[in-house]
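Asks: So that we are looking at the same thing, I have put the structure below in structure tokens.
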Ligand SMILES: *Cc1c(COP(=O)(O)O)cnc(C)c1O
């Protein structure tokens with residue numbers, strides 16, 4: 001992973017100039033925030049570990065990134081999912097397909113409970129979405145890159161925006177940066193996100209600020225304003241953003257900037273996840289096109 005591959009660019013978003021950290025470009029196969037979170041496992045000696053156990057949804061970005069990690073490090077990956085739809089089984093695509101091709105054992109088990117899983121001595125378990133302390137290792141590198149860039153460009157007042165799932169990336173970023181980190185809960189609402197922060201860090205002063213939205217959004221559901229902002233960004237910046245997290249990321253950033261006028265510079269982090277659009281895009285097209 002090389003920071004030269006994740007430049008910071010300037011884009012215009014609805015008349016505001018913002019900086020964009022291109023973590024989507026880190027590497028062709030190992031990119032976005034999952035690459036940051038799994039960086040620890042990529043470069044450290046894992047001693048006698050031969051297998052990683054993890055779990056999540058059958059279309060998770062983390063499933064694909066784990067599959068790449070497994071390939072590079074020559075590790076077996078057992079990935080448990082509660083349910084795989086018959087449509088996906090018959091028409092593999094997106095993260096699911098790529099992970100299968102990379103040799104992940106995707107195990108359907110509706111009763112899988114990671115807390116009851118008995119680890120063998122050559123196995124490690126990584127919680128869903130890499131919600132683990134080891135994630136800090138790679139996210140700290142991201143924080144250092146942002147810090148070095150800000151110093152070089154003499155930027156003293158900066159606000160950093162990124163949308164959250166487990167909140168792991170936002171939390172460890174805030175812990176390792178002086179600048180304020182702002183985020184929005186894409187999964188389970190603000191209270192769930194706050195709990196996730198406490199799960200990883202008991203000191204509240206290290207928690208990012210959670211931006212509240214006037215409307216409740218449910219993870220994975222289709223919203224017209226999400227599809228519109230995705231298309232608008234694609235047209236105006238020529239950059240593809242993820243359809244699950246980034247629309248809410250941009251909407252919450254816009255809300256915040258409208259309600260809190262100040263002269264701070266703004267940096268948004270593109271956390272990758274584009275392969276996941278392979279399953280989201282057709283759903284949006286069926287629902288909203290023509
Ligand atoms: C996983 C993911 C997130 C959420 O990251 P957390 O660290 O779980 O908050 C956001 N955006 C994209 C594109 C992701 O793949």
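The values are calculated or read from the model by the stated rules, or taken from the named source; none is laboratory data. Not measured: the values here are computed from a predicted model. Positions of Cβ are generated from backbone atoms using ideal geometry, with glycine treated the same way; all protein chains shown enter the neighbour counts.
Asks: Of the residues 110, 115, which is without any contact (Cβ under 8 Å) to a residue 12 or more places away in the chain, in a loop (DSSP other than H, G, I, E, B) and more than 16 Å from the ligand (Cβ to nearest atom)?
Replies: It is 115.
Asks: Next question, about the same structure. Give the number of residues within the stretch 9-33 that are in contact with a strand residue (DSSP E or B) (Cβ under 9 Å, 6 or more places away or on another chain) and surrounded by fewer than 19 Cβ atoms within 10 Å (Cβ to Cβ).
Replies: 8
Asks: Looking at (1) at pLDDT below 95; (2) surrounded by fewer than 16 Cβ atoms within 10 Å (Cβ to Cβ); (3) under 30 Å from residue 234 (Cβ atoms), which is the one condition that is false for residue 47?
Replies: (3)
Asks: Something else: Would you check which residues across the stretch 173-189 are within 13 Å of the ligand (Cβ to nearest atom), out of contact with any helix residue (DSSP H, G or I) (no Cβ under 7 Å at 6 or more places or on another chain) and either at pLDDT 95 or above or in a helix (DSSP H, G or I) (or both) and list them?
Replies: 187
Asks: Determine the pairs where a residue that is on the phi > 0 side of the Ramachandran plot, located within the stretch 40-68, has a partner that is assigned to a helix (DSSP H, G or I) and within 14 Å of the ligand (Cβ to nearest atom) with Cβ atoms under 6 Å apart, the partner being 6 or more residues away or on another chain.
Replies: Once the first residue is on the phi > 0 side of the Ramachandran plot and sits in the stretch 40-68, its partners that are assigned to a helix (DSSP H, G or I) and within 14 Å of the ligand (Cβ to nearest atom) give 56/62; 56/128.
Asks: Tally the residues that are in contact with a helix residue (DSSP H, G or I) (Cβ under 9 Å, 6 or more places away or on another chain), at pLDDT 95 or above and under 17 Å from residue 236 (Cβ atoms), restricting the search to the stretch 14-36.
Replies: The total comes to 5.
Asks: Let me ask something additional. Which residue is nearest to residue 75 (Cα to Cα), if the candidates are limited to the stretch 104-116 and must be surrounded by 12 or more Cβ atoms within 10 Å (Cβ to Cβ) and over 22 Å from the mean Cα position of the chain (by Cα)?
Replies: Looking at the filtered set, the residue picked out is 105.
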